[in-house]
1. Only Cα pairs under 8 Å and at least 6 apart count here; give the relative contact order of the stretch 209-275 as a rounded whole percent.
2. Which percent of Cα-Cα pairs in the chain sits in each 10 Å bin, short to long?
3. Shape of the stretch 63-105 from its Cα gyration tensor (a ≥ b ≥ c, root eigenvalues): rounded if a/c is under 1.5, otherwise prolate when a/b > b/c, or oblate?
4. Out of the total accessible area of the stretch 223-369 (probe 1.4 Å, heavy atoms of protein only), what percent is carbon and sulfur?
5. Cβ neighbours within 10 Å, averaged per peptide: list 62-72, 206-216 in order, most packed at the top.
6. What's log10 of I(q)/I(0) for the stretch 237-388 at q = 0.08, 0.14, 0.18 Å⁻¹, Debye sum over Cα points only, no solvent?
7. For the chain, what does the accessible surface come to per residue with a 1.4 Å probe? Please give it in Å².
8. For the stretch 318-364, what is the convex hull (Cα atoms) projected area averaged across all directions, in square nanometres?
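The values are calculated or read from the model by the stated rules, or taken from the named source; none is laboratory data. This structure is a prediction, so every number in the text was calculated from the model and none was measured. Note that we place each Cβ from the backbone using ideal geometry, even for glycine, and neighbour counts take in every protein chain shown. Surface accessibility is based on the protein's heavy atoms, side chains included, excluding ligands, DNA and RNA. Shrake-Rupley method; radii C 1.70, N 1.55, O 1.52, S 1.80 Å.
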Amino acid sequence: MGEGASIVGLGMTELGRVYGRSPRRLAADAVRRAVADAGLSLPDLDGLLVSHGMGGSPGIELADSLGLRDLRLLTQMNAFGATAGAMVAYAAMSVLSGAATTVACVFADAPLKPRQSAGSAYHRDAPEWYGFGGMTAALGFRSVNAFYALAARRHMERYGTTSEQLGAIAVSTRRWAAMNPLAQMRDPITVEDHQNSRWVAEPLHLLDCCLVSNGAIAVVVTGADRARDLAQPPVHLWGWGQGHPGHRRERGSEFGLRTGAATSGPVAMKMAGVTPDDIDVCQLYDCYTYTVLVSLEDYGFCGKGEGGAFAASGALGPGGSLPTNTGGGQLSGYYMWGMTPLSEAVIQGRGQGGERQADRNDLILVSGNGGILDHHSTLILSPHAKGT
């Protein structure tokens, strides 16, 4: 077993309203960029892990599209927004065990279509509702937005969390996005703007909800010993974990109050040998402002029920005590599932954030959230090799 595993390459295509390329083409482009970024070539890869978004494709046939030969690791993975963290952990374990030496992990999606609204991007033909499953649809729960609204409302009712506190998260995230040239939304907003934005599903306003983006992002994982000699400053993997709470969304469950971060966080931190007090920067999966708030609580950055006050204190924004989603996250930056927080973590870990670079970057926590609070992944990253 080697010294550890590191992320050594990052490849990002154009992101946002990018048309004319299929998810497979976007994925291939991102892998090529990541490999070149590391100072490697495609034949150096002996592993490929693939995740696709709601638009379908790519799958393991991406290896053929890239002309990869004699791979020792090839699979398609899916835990929705938690997939990126799971892929990187799988790649790291493969490298550490000797099953592979150099693994690319890629996500691609292209739900946006020309002359169609972002809101229609994930529209699918209505499913056939039958039996008890049709009761939720009859009550109006026909979208992911509605279920996250239910989770947010439950947190509000239990702990007194307010819409204005969620708005503070949207505002701090936009302040970071203003310093990111790649961000889709860079114009400043206020809590008042948040409150005046239209309802999507009460209590969630439009500015509580993430963007929709086309594009692809890839990273390359290899051994820490090899990483020292490559083109980019390595970002080392100190720990990882997963959590799948299995909430049934019924009376007595903890749905909306506790997420998989409560499981995956302690596992990853124990592996890394750190505590929440040691973390300098957070890159949290922010499909909604609410998921940032509840993740902060479940990771232990504040007490349960205190996430709203913590966010409203200014701790998450520029100059705050816990810089969070420094690229604008999925709320204002770009929506590439778990690759959004991961890509910004790599940029921050390398010290390449430019105007938005955090003052301290010794330890960076990355979260992924999938399904309707069904799946969670956590990574602990550092520019320093573990034990140094």
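1. 31 percent
2. 5, 25, 35, 24, 9, 1
3. Oblate, because a/c is 1.5 or more while a/b does not exceed b/c.
4. In the stretch 223-369, the share of accessible area belonging to carbon and sulfur is 44 percent.
5. So the peptides 62-72, 206-216, ranked by packing, come out 206-216, 62-72.
6. For the stretch 237-388, the Cα-only Debye profile gives -0.20, -0.61, -1.03.
7. Result: 41 Å² of accessible area for each residue.
8. Computed as one quarter of the Cα hull surface, the answer is 3.2 nm².
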